[in-house]
Amino acid sequence: MTLPAGEPGVAAAAAPPGEDTAGAAPAGQQPWWRPVRIRPDVGLVAALAAGAGLRLWGIGAQSLWYDEWLTTEATAGGLGDVLRHVARREGITPPYFLVMWVWARLFGDGEVALRSFSALCGVATIAVAYGIARELGRSRRVARVAAALVAVSPMLVWYSQEARPYSLLALAGGLSVQAFARARRTGTTRDLTLWAAVAAGAVALHYFVAFLVAAEAVALLVERRVAPRRVVRACLPTGAVLLLLVPFALEQHSHDANRDWISGFTLTSRLQEAARSALVGPSLPSPRAWLAVAGVVAVAAGLGAVVARGDDRRAAVVLAAVAAVAVGAPLAAAVAGTDVFLGRYVIAALVPAVVAVAIGLAAGGVPRWVAPAGVAVVAVASLGTVAAVQRDDELQRADWRAVAEVVDGAAGGAPRLLVVNVNGGQSSALRHYLPGLTVLDGDDAVRVDQVDVLVGTPADRPCNMLVGRACGMVFLGAPLPPATAGSFSVTERIDAGPFAVDRYRSPAPVAVTRDDLVHEIDRAGAVVWVLPG
């Protein structure tokens, strides 16, 4: 392949290994109307099919949880409401919610409808991982391994089944790295411009992507395959996007609730969660499920550093360094005092890290049996995790749909109450399933003859942040305070998925306030929901 003349700072480029260039017309002599012949890679097609199956399997089985309810809230009104919601309630930028505003109007706001956009992004990410390897000049074998690892990644599968921006963020980060790899390989103005545009678009999706783009820019500067002034110019669109986002970010920062919940978890626990999630996803079947995948990553790193041939080693090092900076920079900022570090916020670094592992497993010089063995180990561990999540509700998101069915199924014309005495805000997803639900505030009183109390049930699964049954929600279910319990008696306990509901009844309607229903120690975090009669 011959590069255009007159491009300053352009390094020589070669066709990726495994490509047949015999009989090709010289560069610049190909007729523009000549159709491009695309040879489908069976390995990529298989990875796409497997990845799509995993992402669509049970996509509507879990109910919406709190964060997904926020997505429905953001998209429920007009476009101005979207921006106001994001400024006040979110810690990320508006574009995803603007896209979902359109998506919800085309396909609805049910679980499957909302999550299907993330699933499509997740499938596309598989092809992007393949493309990154090829743009780096790696063999089809390396690209197939990369696609396979992304296809079965439990973290990418999990966020492909969530109506939040993280699957799109992984895709955007991958596209940025792919454009970077192409610009690094060719150095042409066209490809640098493409990288500049893709990088700016990715940064517009989440502030943390700026760390990934900065790492890519540093790699271009350090390797000096492209003239530094041209790299700086290519960074200008990203800088412009960040400047445009400053007022929005300041408004979000002024709302402490957008970030205070993050610092409620120690930085060490969040770092451990990020590492575990990258290996086996946010929901853990067992505390040691990540060890097998970590072993494969360690083997890949060792082979890539010691055994792999020069070009493969350089490509793996570049990708690993880019991913490390994209994670390490916000972690350093957290240590310095600006602490909003979360594993899912740095998900854009996962795809380049996976491709680096693929290079280590399948690079030239590495025994050919290593790649299939490594992929097999990861696939077994990953598929076991994905299957366990689908079959075990203790590993899933809190099932507010089941709670809504129990509460809404009670007969009677009078209003009814549901008491959530711990982490009550997490139950806001009930509003999606129970239209007309309101909050009993302050000294307001309501006359009721039925009060439901949400109860957490024991779990033997590990808690990983707020995923599944096994976190702070187990402390749900304190009985009604003694002064109120005299007017009500427990008539039954009803199973509600990962929860239970204790139903209290009174012979006649009784006027009660929020404080009558919640012990003083729980009042700060409790919510009492009112179902209209």
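Annotations for the structure displayed:
- Answer residue from the range 65-103, given it is of a type in the set (A, V, I, L, M) and in a loop (DSSP other than H, G, I, E, B) and is least open to solvent (accessible area, probe 1.4 Å) among those: 92
- The residues listed here are 212, 236, 242; of these, the one that is outside any loop (DSSP other than H, G, I, E, B), hydrophobic (A, V, I, L, M, F, W, C) and more than 25 Å from the chain's Cα centre (by Cα) is 236.
The rows are residues; the columns are (1) out of contact with any helix residue (DSSP H, G or I) (no Cβ under 6 Å at 6 or more places or on another chain); (2) over 25 Å from residue 497 (Cβ atoms); (3) not acidic (Asp, Glu).
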{"site": "62", "(1), (2), (3)": "yes, no, yes"}
{"site": "91", "(1), (2), (3)": "no, yes, yes"}
{"site": "111", "(1), (2), (3)": "yes, no, no"}
{"site": "120", "(1), (2), (3)": "yes, yes, yes"}
{"site": "126", "(1), (2), (3)": "no, yes, yes"}
{"site": "132", "(1), (2), (3)": "no, yes, yes"}
{"site": "149", "(1), (2), (3)": "no, yes, yes"}
{"site": "153", "(1), (2), (3)": "yes, yes, yes"}
{"site": "158", "(1), (2), (3)": "yes, no, yes"}
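- Within the range 106-120, residues that are over 18 Å from residue 172 (Cβ atoms) sit with their Cβ atoms under 6 Å from residues that are open to solvent by 30 Å² or more (accessible area, probe 1.4 Å), at 6+ positions apart or across chains, in these pairs: 113/107.
- The residue that is farthest from residue 285 (Cα to Cα), counting only those in the range 396-414 that are part of a loop (DSSP other than H, G, I, E, B), of a type in the set (A, V, I, L, M) and open to solvent by less than 50 Å² (accessible area, probe 1.4 Å), is 414.
- Residue match in the range 244-265 (condition: more than 30 Å from residue 83 (Cβ to Cβ) and exposed (fewer than 14 other Cβ atoms within 10 Å of the Cβ)): no
- Answer residue from the range 481-533, given it is among the hydrophobic types (A, V, I, L, M, F, W, C) and assigned to a helix (DSSP H, G or I) and is farthest from residue 398 (Cα to Cα) among those: 483
Let's see how each residue does on (1) of a type in the set (A, V, I, L, M); (2) in contact with a Leu (Cβ under 7 Å, 6 or more places away or on another chain):
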{"residue": "55", "(1), (2)": "no, no"}
{"residue": "63", "(1), (2)": "no, no"}
{"residue": "94", "(1), (2)": "no, yes"}
{"residue": "112", "(1), (2)": "yes, no"}
{"residue": "125", "(1), (2)": "no, yes"}
{"residue": "136", "(1), (2)": "yes, no"}
{"residue": "157", "(1), (2)": "yes, yes"}
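- Verdict on residue 71 being of a type in the set (S, T, N, Q) and closer than 29 Å to residue 130 by Cα: no
- All of (1) without any contact (Cβ under 8 Å) to a residue 60 or more places away in the chain; (2) open to solvent by 30 Å² or more (accessible area, probe 1.4 Å); (3) not polar (S, T, N, Q) hold for residue 297 with one exception: (1).
- Some residue of the range 21-34 being open to solvent by 50 Å² or more (accessible area, probe 1.4 Å), at pLDDT 50 or above and in a loop (DSSP other than H, G, I, E, B): yes
- The residues listed here are 183, 197; of these, the one that is touching a helix residue (DSSP H, G or I) at 6+ places or on another chain (Cβ under 9 Å) and open to solvent by 30 Å² or more (accessible area, probe 1.4 Å) is 197.
- Filtered residues of the range 425-457 (kept if open to solvent by less than 30 Å² (accessible area, probe 1.4 Å), modelled with pLDDT of 90 or more and of a type outside the set (S, T, N, Q)): 429, 430, 434, 437, 440, 446, 448, 451, 452, 453, 454, 455
- Only residues that are free of Cβ contacts under 8 Å to residues at least 60 places away in the same chain and buried (at least 24 other Cβ atoms within 10 Å of the Cβ) were counted in the range 338-356, giving 1.
- Subset of the range 44-64 [open to solvent by 30 Å² or more (accessible area, probe 1.4 Å) and at pLDDT below 95]: 61
- Those residues of the range 212-243 which are within 18 Å of residue 346 (Cβ to Cβ), surrounded by 23 or more Cβ atoms within 10 Å (Cβ to Cβ) and touching a residue at least 40 places away in the same chain (Cβ under 8 Å), in sequence order: 212, 215, 216, 238
- Of note, residue 106 satisfies the criterion of being open to solvent by 60 Å² or more (accessible area, probe 1.4 Å) and part of a helix (DSSP H, G or I).
- Failed criterion for residue 269 (all others in (1) in a helix (DSSP H, G or I); (2) over 27 Å from residue 150 (Cβ atoms); (3) modelled with pLDDT under 90 hold): (2)
- The range 357-395: number of residues that are part of a loop (DSSP other than H, G, I, E, B) and either buried (at least 24 other Cβ atoms within 10 Å of the Cβ) or free of Cβ contacts under 8 Å to residues at least 60 places away in the same chain (or both): 5
- Scanning the range 415-443 for residues that are touching a Ser or Thr at 6+ places or on another chain (Cβ under 6 Å) and assigned to a strand (DSSP E or B) returns a single hit, 420.
- Residue 150 being within 30 Å of residue 316 (Cβ to Cβ), in a helix (DSSP H, G or I) and open to solvent by less than 10 Å² (accessible area, probe 1.4 Å): yes
The values are calculated or read from the model by the stated rules, or taken from the named source; none is laboratory data. The structure presented is a predicted model; accordingly, all values stated were derived computationally and were not measured. When we count neighbours, we look across all protein chains shown, and the Cβ atoms used for this are built from the backbone with ideal geometry, even at glycine. Accessible surface is based on the protein model in full, side chains and every heavy atom, while ligands, DNA and RNA are left aside. Shrake-Rupley method; radii C 1.70, N 1.55, O 1.52, S 1.80 Å.
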